[in-house]
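Enquirer: For reference, the structure I am asking about is given below.
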Amino acid sequence: GINELRDFQKKALDYKDKSVILTASTGMGKTEFALNWVAGDKAFYTLPVRVSVNSMYERISNIFGKDNVGVLHANTTDFYLNQFKNLEDSGIEVLINQVQSVRQLSMPITVSTADQIFLATLKYPGFEKIYATLTYSKVIVDEPQGYSPDTLAVIIKGLEEISNLGGKFCLMTATIHPFIKEHLKDKAEILEPVFNQEKKHKIKLVDKTIDEMVDFAIKEYQKGKKVLILTNTVRKAQEVYKILKSQNQAIRVNLLHSLYIQKTKREKEMQIQNTTEPVIWISTQIVEASLDIDYDLLITELSTADSLIQRMGRVYRKIGRAITPDSQPNIIICTKEPSGKGKVYDKEIVDYTLKELEKYDEKILTEEIKQEIVSNVFDLERIKNTNFYKKFEKNMKLLDLGFMADSKSEAHDIFRDIMNLSVIPKVIFDENQEKINTLLEKIRQKDKLEKIKAIGELNDFTVSAQFYRVKNIIPLDKEIFLSDIPYDDELGFSLLDKDYREIGEIL
């Protein structure tokens with residue numbers, strides 16, 4: 001069951017027949033608010049990242065029972081396989097039925113990535129099935145700032161339409177962009193923000209690149225701290241990792257990003273969450289939205305206000321951990337030459353973010369101040385000429401004109417920032433060639449049971465990422481590709497070689 005509820009969570013029931021927008025600090029219990037608001041109706045809980053979908057499923061199914069909660073994303077089958085790994089074949093029959101009922105949207109609560117629900121906004125043939133379900137459902141959108149402007153437009157348009165059809169939505173976030181409020185204010189009640197009054201973060205801006213902070217990171221680690229270094233791109237994370245390794249062999253340093261094979265990535269995700277002793281972890285946005293970690297010090301590249309605030313939430317996360325005015329800063333932001341500027345993050349929005357942060361250098365950021373920073377950075381007057389906002393507007397206009405995708409795959413292309421390809425690194429293929437070929441054979445056969453088991457095993461060898469920039473991939477099967485980008489389990493797909501500079505911009 002849900003533990004003692006806070007006041008704002010209890011109020012959720014008062015709004016159960018309305019759509020709502022909730023701003024609440026990380027760790028304040030937004031999820032519990034949303035589940036109360038659902039109040040027994042059919043619901044879809046959407047999140048930006050697949051990892052967070054899986055961990056949210058664990059949380060919600062602990063409350064409502066596994067029979068009532070489904071998971072829907074591109075790897076649904078694979079997810080259920082992991083749940084049912086040790087079952088006999090009869091259990092797999094149950095699994096197949098469960099996957100089918102999730103696909104038919106018939107579970108009481110479905111946790112999913114946004115593309116699975118909001119693709120319907122693009123009106124591909126067959127979209128009516130989703131809309132029909134949404135007319136009597138509740139849709140929760142958690143942390144919308146995890147999406148690109150293109151996707152955000154599709155989601156906001158989707159919420160407007162769901163609302164017109166009689167469905168209800170709950171949009172919740174730690175910090176809200178003013179323009180999202182502007183678009184949805186006629187469709188939803190905007191609730192009083194719920195801010196955590198504990199002071200968690202004191203920032204310091206340093207005019208250095210993140211590479212130049214390696215010695216500092218080591219010193220802090222040697223004082224017994226758990227240090228998190230976050231970069232904007234995978235390549236930069238790999239560079240920092242190599243520098244750290246070469247400086248000092250004795251330290252515990254680890255790397256986590258999206259370009260590992262599933263099996264290794266799962267192990268690393270477990271490790272980063274279960275570390276109790278001093279350690280340095282280097283990672284990317286992959287930890288922003290999903291992993292439940294609580295570290296002592298964050299050293300991060302400058303990015304946009306909303307993303308930085310998400311990153312801060314990985315430090316002093318637990319209730320009761322607070323910072324005092326005379327404490328050392330626990331958030332160090334490196335402002336010199338951040339990677340991915342202009343590629344991963346809108347250049348102007350990064351610059352506005354720095355301007356806002358300069359007011360608070362070496363000061364404590366309360367949760368109210370964080371919201372103020374986001375409101376100032378994303379102020380409509382300020383951002384209306386940025387690429388970020390132009391993209392958002394362009395898509396909104398297209399959708400207002402009644403855009404219709406010719407096919408589901410065209411709709412998927414528009415969502416490509418959350419669409420991933422499954423790629424097997426050539427070295428992994430060579431090491432496991434016989435096994436992989438056998439699995440591919442099984443996938444092509446008719447036997448549903450064998451096929452499902454084989455897909456699950458094969459996925460362990462794949463890297464799932466946004467490979468739309470990658471030229472050199474060969475299809476092995478209709479959904480699985482082979483790539484000769486260098487790979488090892490320490491670095492993942494290595495993007496350090498100049499031939500792979502372009503791909504290095506992937507998160």
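Every number here is computed from the coordinates shown, using simple stated rules; none is lab data. Keep in mind that what you see is a predicted model, and the values were worked out from it rather than measured. Using ideal geometry, Cβ is built from the backbone for each residue, glycine included, and neighbour counts are taken over all protein chains shown.
Enquirer: Cβ under 11 Å from residue 157's Cβ, residue 157 left aside: what net charge do those residues give with Lys, Arg +1 and Asp, Glu -1?
Expert: Spelling it out: positives minus negatives among the neighbours equals -1.
Enquirer: A follow-up question, please. Could you give the distance between the Cα centres of region 254-319 and region 102-145, to the whole Å?
Expert: 29
Enquirer: Rounded, prolate or oblate: which fits the chain when a ≥ b ≥ c are the square roots of the eigenvalues of the alpha-carbon gyration tensor, with rounded for a/c under 1.5 and prolate only if a/b beats b/c?
Expert: Taking the square roots of the gyration eigenvalues as a ≥ b ≥ c, the chain is rounded.
Enquirer: Give me the distance between the Cα centres of region 193-232 and region 348-365, rounded to whole Å.
Expert: Each part reduced to its Cα centre gives a spacing of 15 Å.
Enquirer: Still on this structure: May I ask you to sort 17, 292, 346 by Cβ crowding, counting other Cβ atoms within 10 Å and putting the fewest first?
Expert: 17, 292, 346
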